[in-house]
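Below is one structure, written out as structure tokens; comments come after it.
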Amino acid sequence: IDHYDLSRLINVLVTPVGNDLGHVAKDIEQALAGVPLPKDVTVQLRGEVANMRGAIQNFALALPLAVVLIYLVMVALFRSFIDPLIILVAVPLGWIGTVLTLHLTNTSVNVESMIGTLMMMGIVVSNSILLVDFANRMVRNGATAEHAVLEAGRRRIRPILMTALATILGLLPLALGFGEGNETMVPLARAVVGGLAVSTIMTLLVVPIMHSLVLIRRERPPVSSTAPATLEEI
């Protein structure tokens, strides 16, 4: 007779086949929801399910911590508090793509999809760095804000698209579920593919616009509050 925490225990072992662990646990909970249990009898999902849910809770803390660490590193490299914020704008755009892809493909949120989200964040941040760093160098060389942002987008669109397409096409067979025994890696591939597909397009639009606004504000000379106002200025 097995015991757990001084209570008698009956183990029912389940091996998921053809689906990820999150969906299997959800199906089991739905099936048990309509089963009447005798008095003092409880049902708990343990084993890999408990480990997976504990890991998801840890990832819920790891994702914001990863964003903070990325920001601090970029602050030291760019010597600016604003430029890293512009770069990090692409991260929520990638999260939107990941959430939509997981929802549309009926894929559960599990450890693998969380790892895929972290991978996607790294690629998205590197793409944004290409745009912002190139535009900043052109501004330092005397270019206007508008010309610098447009030229950065024109010259950096090719490496950004090459990086995103290489990653998406490499993970696409895995995201579609081809092959036997790769069910556990499908959420990872779908999280990366969905996040990159949306964030790459949005990064080339949103990040340059926000960067240009910041550069234009930097170009404007500060208005002296001590100088008397002329009639034309009034």
Qualifying positions in the range 36-74 - small (Gly, Ala, Ser) and under 22 Å from Leu21 (Cα atoms):
Gly47, Ala50, Gly54, Ala55, Ala60, Ala62
Which count do you get for residues in the range 15-74 that are hydroxyl-bearing (Ser, Thr, Tyr) and more than 27 Å from the chain's Cα centre (by Cα)?
2
Restricting attention to the range 203-230, and to residues there that are open to solvent by 70 Å² or more (accessible area, probe 1.4 Å) and at pLDDT 80 or above, which single residue is farthest from Ile129 (Cα to Cα)?
Arg217
With the structure loaded, tell me whether Gly116 is at pLDDT 85 or above, among the small types (Gly, Ala, Ser) and touching a Pro at 6+ places or on another chain (Cβ under 7 Å) or whether it fails that test.
yes
Selection from the range 139-188 of residues more than 27 Å from Glu48 (Cα to Cα), part of a loop (DSSP other than H, G, I, E, B) and among the hydrophobic types (A, V, I, L, M, F, W, C) yields Ala143
With the condition kept exactly as written, say whether any residue in the range 167-174 is hydrophobic (A, V, I, L, M, F, W, C), within 16 Å of the chain's Cα centre (by Cα) and within 17 Å of Met202 (Cα to Cα).
yes
Working carefully through the options Val67, Val73, find the one that is closer than 26 Å to Ser113 by Cβ, at pLDDT 80 or above and open to solvent by less than 70 Å² (accessible area, probe 1.4 Å).
Val67
Filter result (basic (Lys, Arg) and either within 22 Å of Ile201 (Cα to Cα) or part of a helix (DSSP H, G or I) (or both)) within the range 48-98
Arg53
Inside the range 1-60, can you point out the residues that are open to solvent by 100 Å² or more (accessible area, probe 1.4 Å), closer than 24 Å to Pro187 by Cβ and among the acidic types (Asp, Glu)?
Glu48
For Ser126, only one of the following conditions fails: (1) among the hydroxyl-bearing types (Ser, Thr, Tyr); (2) under 14 Å from the mean Cα position of the chain (by Cα); (3) open to solvent by less than 30 Å² (accessible area, probe 1.4 Å). What is its number?
(3)
Check Ile115 against each of (1) more than 17 Å from Leu205 (Cα to Cα); (2) under 9 Å from the mean Cα position of the chain (by Cα); (3) hydrophobic (A, V, I, L, M, F, W, C) and name the one condition it does not meet.
(2)
Check the range 153-160 and report whether any residue there is under 20 Å from the mean Cα position of the chain (by Cα) and open to solvent by less than 40 Å² (accessible area, probe 1.4 Å).
yes
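The values are calculated or read from the model by the stated rules, or taken from the named source; none is laboratory data. Computed from a predicted structure; not experimentally measured. Every residue, glycine as well, gets a Cβ built from its backbone with ideal geometry; the counts of neighbours run over all protein chains shown. These area figures cover heavy atoms from the full protein model, side chains too; ligands, DNA and RNA do not enter into them. Shrake-Rupley method; radii C 1.70, N 1.55, O 1.52, S 1.80 Å.
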